[in-house]
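Heads up, the thing below is written out as structure tokens.
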Amino acid sequence: MRPAAVIFLCVLPIGGCVREPQPGGDGQAERDLAAFDAVVRQTASERAHTAVALAAGPDRFCWGAAVAARTPGEARKLALARCTMRARPNGIAAACSVYAVDGRPLYLEPN
């Protein structure tokens with residue numbers, strides 16, 4: 001793995017939640033959304049097996065990511081577990097779904 005990728009992966013948020021941006025808000029939702037976008041882009045550019053999972057509620061969504069897994073299936077399981085771990089405490093009842101595996105978007109496909 002490239003040294004720059006290792007450094008980035010160390011600071012890559014493996015999960016998070018985003019609220020719907022509110023008028024006059026402090027911009028935190030936009031920063032969180034940018035973090036999610038960065039996670040999706042970075043995992044898509046890695047050579048190792050990666051996955052991003054997503055759970056969407058009416059006014060927010062949460063995600064979990066896995067990087068450098070041994071198999072695509074392992075990456076999926078880890079991303080789903082990390083997503084679920086963040087979604088429930090944040091009041092999102094929807095189940096997490098795989099958003100992308102190894103850079104391939106899967107969000108609209110059955111999991």
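Here are a few things to note about the model shown:
- Checking each residue of segment 35-52 against the condition of being among the acidic types (Asp, Glu), within 12 Å of Cys17 (Cα to Cα) and touching a residue at least 24 places away in the same chain (Cβ under 8 Å) gives no match.
- Any hit, segment 55-72, residues being in contact (Cβ under 8 Å) with a residue 60 or more places away in the chain, surrounded by fewer than 17 Cβ atoms within 10 Å (Cβ to Cβ) and closer than 21 Å to Glu30 by Cα: no
- Residues in segment 1-60 that are in a helix (DSSP H, G or I) and at pLDDT below 60: Pro3, Ala4, Ala5, Val6, Ile7, Phe8, Leu9, Cys10, Val11.
- Count - residues of segment 49-63 that are of a type outside the set (D, E, K, R) and more than 9 Å from the chain's Cα centre (by Cα): 7
- Those residues of segment 80-99 which are farther than 23 Å from Gln28 by Cα and either among the β-branched types (Val, Ile, Thr) or crowded, with 17+ Cβ neighbours inside 10 Å (or both), in sequence order: Leu80, Ser97, Val98
- Looking only at segment 83-105, and only at residues there that are assigned to a loop (DSSP other than H, G, I, E, B) and either among the hydroxyl-bearing types (Ser, Thr, Tyr) or within 18 Å of Arg47 (Cα to Cα) (or both), the one that is modelled with the highest pLDDT: Asp102
The values are calculated or read from the model by the stated rules, or taken from the named source; none is laboratory data. Model, not experiment: these values are computed from the prediction. As a convention, Cβ positions derive from the backbone with ideal geometry for all residues, glycine included, and neighbour counts pool all protein chains shown.
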